[in-house]
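The values are calculated or read from the model by the stated rules, or taken from the named source; none is laboratory data. This structure is a prediction, so every number in the text was calculated from the model and none was measured. Every residue, glycine as well, gets a Cβ built from its backbone with ideal geometry; the counts of neighbours run over all protein chains shown. For the accessible areas, the whole protein counts, side chains as well, though only heavy atoms, and no ligand, DNA or RNA atoms are used. Shrake-Rupley method; radii C 1.70, N 1.55, O 1.52, S 1.80 Å.
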Amino acid sequence: MTSPIRVLVLNSGSSSVKYQLLDMRDSSRLAVGLVERIGEQTSRLKHTCLTTGDTREHTGPIADHDAALKAVAEELGRDGLGLESPELAAIGHRVVHGGMFFTEPTVIDDEVLAEIERLIPVAPLHNPANLTGIRTAQALRPDLPQVAVFDTAFHTTMPESAARYAIDPKIADRHRIRRYGFHGTSHAYVSRETARLLGKDPAEVNVIVLHLGNGASASAVEGGRCVDTSMGLTPLEGLVMGTRSGDLDPAVIFHLARVGGMSMDEIDTLLNKSSGLFGLCGDNDMREIRRRIDEGDEAAALAFDIYIHRIKKYIGAYYAVLGRVDAVAFTAGVGENAAPVREAAIAGLEGLGLAVDGELNAVRGDEPRLISPESARVAVAVVPTDEELEIATQTYALVGQ
């Protein structure tokens, strides 16, 4: 009898589905793909079978997530990797918000679905899409274990002093208001890989992780446990991001409503979709921003400086929280690829034992690597994140045996 040794990882966004099929014997990828612009006439599915090297791409209307996942199943089937395979052990789902109820990967049942649904008010952009992906996958393989891996779970180890906002606890508890944090699978994976890069046990290492993508967050990880993170009740708090403002005086919202005459929906859109780098200079692609800076664009230069200033503040703050820092790790799209961001973020922090070697920083690669000089007291690393592998690993650890 064939042993179930594969895990399908699904990341369902509001208008997209990213997926990977992994063989957990060696954590190798068998297939990867993306369905984007779901619900539009210009939907696109790109699928790559890594066992053959074949890539197929389809464009045309994909009405909803149900149709998207059925198209994914069909593409996998064409490669002999279909959802009906007895080798498929489980489907692992990225779920953005798990609140305080979910502190670890969880096999999905009706109670779990209901709790994820109850959390929609604090994750209105993400949890509905996650739920749709789960329900569609359940319909396709009702006999197969479905596992939710939560972005918030890694951060549930934060002490109350870090997780609580300074508001009336009764009101906070009634409305589930606290700092949850996000990108948890990335922070967990990167902090552990940073310890491995240093040749140490994660329990011995204190790491500041900087997950810098279009969404961005920082975390303070002490001995493998998160003790603070920059995102809060929602992914809006913290670092300057591609289109999100990050930290903001809450009174700005009152001012925009009372003086600016903006509705709550308009303010929500402003802060989540029209702020950050995009709001400051009209671009949220760091490559384009750097190109504009090189051409003397003052708006792009100011946006970059604001972005870097916020990162520096969090490095300093988390240094104070941890007391001792063994490494600062850069990850995600910007963190892994934008050498000028890494250089600027560390510049001036020599007093904290941090420095970047220019030649090492300029090297591009897919493997974890140090970019600090050997003499630096604190290591600075670039550690490519692998959230899909982390989700698959956690899923298989839960149900694979």
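Normalised by the number of residues in the chain, the average gap of Cα pairs under 8 Å and 6 or more apart makes the relative contact order 14 percent. For region 199-387, a simple Cβ point-charge model (Lys and Arg +1, Asp and Glu -1, everything else neutral) yields a dipole of about 300 debye relative to the Cα centre. For the chain, the longest principal axis of the Cα atoms and the long axis of helix 387-399 meet at an angle of about 50 degrees.
Can you give the FRET efficiency for Asp305 and Leu113, using 1/(1 + (r/R0)^6), R0 = 35 Å, r = Cβ-Cβ distance, to the nearest 0.05?
Here the calculated transfer efficiency is 0.20.
Annotation: extensible slack from Arg287 through Glu74 equals 73.1 nm (criterion: 0.36 nm per residue apart, minus Cα-Cα distance).
Helix 298-322 and the long axis of the chain differ in direction by around 90°, with both axes built from C-alpha atoms.
Rounded to the nearest 20 debye, the dipole size of region 6-150 about its Cα centre is 400 debye, using +1 on the Cβ of Lys and Arg and -1 on the Cβ of Asp and Glu.
Using 0.36 nm per residue and subtracting the Cα-Cα separation, the extra length available between Ala347 and Ala63 on full extension is 97.4 nm. In nm, to one decimal, how far is the Glu266 label point from the Leu248 one, both placed 7 Å along Cα→Cβ? It works out to 1.4 nm between the two label points.
The dipole here belongs to the chain: it is taken about the Cα centre, uses +1 on the Cβ of Lys and Arg and -1 on the Cβ of Asp and Glu, and is about 460 debye.
Values of log10 I(q)/I(0) for region 6-150 across q = 0.10, 0.11, 0.18, 0.20 Å⁻¹ run -0.32, -0.39, -1.03, -1.23, by the Debye formula with one identical scatterer at each alpha carbon and no solvent. Panel note: the C-alpha atoms of the chain, placed on their principal axes, show extents of 61, 55, 47 Å (largest first).
Calculated on the alpha-carbon coordinates, the convex hull of region 199-387 measures out at 130 cubic angstrom per residue. Rounded to the nearest 500, the 222 nm mean residue ellipticity of the chain from helices alone is -11000 deg cm²/dmol, with -39,500 (n - 2.57) taken per DSSP H run of at least 4 residues.
Note on Arg369 and Ser3: the model spin-label points, each 7 Å out from Cα along the C-beta direction, lie 3.6 nm apart. Given R0 = 35 Å, the distance between the Cβ atoms of Lys312 and Ala172 translates into a calculated FRET efficiency of 0.70. Heavy-atom accessible surface of the chain, averaged per residue, reaches 45 Å², computed with a 1.4 Å probe. Comparing Thr152, Thr106, Thr229 in a Gaussian network model of the chain (Cα springs below 10 Å), the most mobile by mean-square fluctuation is Thr106. Length available on full extension from Ser27 to Ala320: 0.36 nm per residue minus the Cα-Cα distance, which gives 101.8 nm. Of the accessible area of the chain, computed with a 1.4 Å probe over protein heavy atoms only, carbon and sulfur atoms account for 52 percent. Of all lysines in the structure, the ones whose alpha carbon falls short of 28 Å from that of Lys70, not counting any fewer than 8 places away in one chain, are Lys18, Lys46. Of the beta bridges in the chain, as assigned by DSSP with both residues counted there, near 70 percent are antiparallel. For the chain, a Gaussian network of Cα nodes joined below 10 Å ranks His211, His65, His155 by mean-square fluctuation, and the top entry is His65. Taking R0 as 25 Å, what's the FRET efficiency between Leu140 and Ser14 from their Cβ-Cβ distance, rounded to 0.05? E between Leu140 and Ser14, to the nearest 0.05, is 0.75.
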